[in-house]
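Take a look at the structure set out below.
Bear in mind these aren't lab numbers, they're just calculated from the coordinates by the rules spelled out. This structure is a prediction, so every number in the text was calculated from the model and none was measured. Note: ideal-geometry Cβ built from the backbone for every residue, glycine included; neighbour counts use all protein chains shown.
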Amino acid sequence: MKKIVFTILALGFSLIVLSSCQTREDSSDWLQGDWYSKDWNMTYTIIKQDENYWEIKDGEHPIARCSQEYYIDDEDSKEILLIDKKGTEFHITPIDKTHIKFQQVSKDGTLGTTDAVEFVKKQY
């Protein structure tokens, strides 16, 4: 009888662990919204249109439409790498819940590499 109870408890615990691991996904929902850079005196709006499409805008002006999204593990932080059709890379690393490090790197042979800049999420 003890073996049956123990087996049922072990199976139940295993199912709970497996279901919690299965539902855990990398989510980039936190990145959506308006981000302000004091260094650049500029606000970027970052919008995830669907699973494979991001848009970065400066007001109403599109900066980039990115169709590739990657996660890069860097110890405790998760860097998100967005790449637009021209090959420009946008490296976005969370500092905390309201701050990110943002760097734009153009493909070889093109101007546009910038230093990493801190952005703060605008709260409404």
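With 0.36 nm allotted per residue and the present C-alpha distance subtracted, the His99-Ile8 stretch has 28.2 nm of extension available. Compared with the direct C-alpha span, the chain from Lys86 to Lys122 gains 10.1 nm at full extension, assuming 0.36 nm per residue. What does the charge count near Glu69 come to, summing +1 for each Lys or Arg and -1 for each Asp or Glu among other residues with Cβ under 9 Å from its Cβ? Residues close to Glu69 contribute a combined charge of 0. Straight-line cross-link reach from Lys48 at under 26 Å between alpha-carbon atoms covers these lysines, not counting any fewer than eight positions away in the same chain: Lys38, Lys57, Lys78, Lys85, Lys86, Lys97, Lys101, Lys107, Lys121, Lys122.
Computed from label points 7 Å out along Cα-Cβ, the spacing between Ser67 and Ile47 is 1.9 nm.
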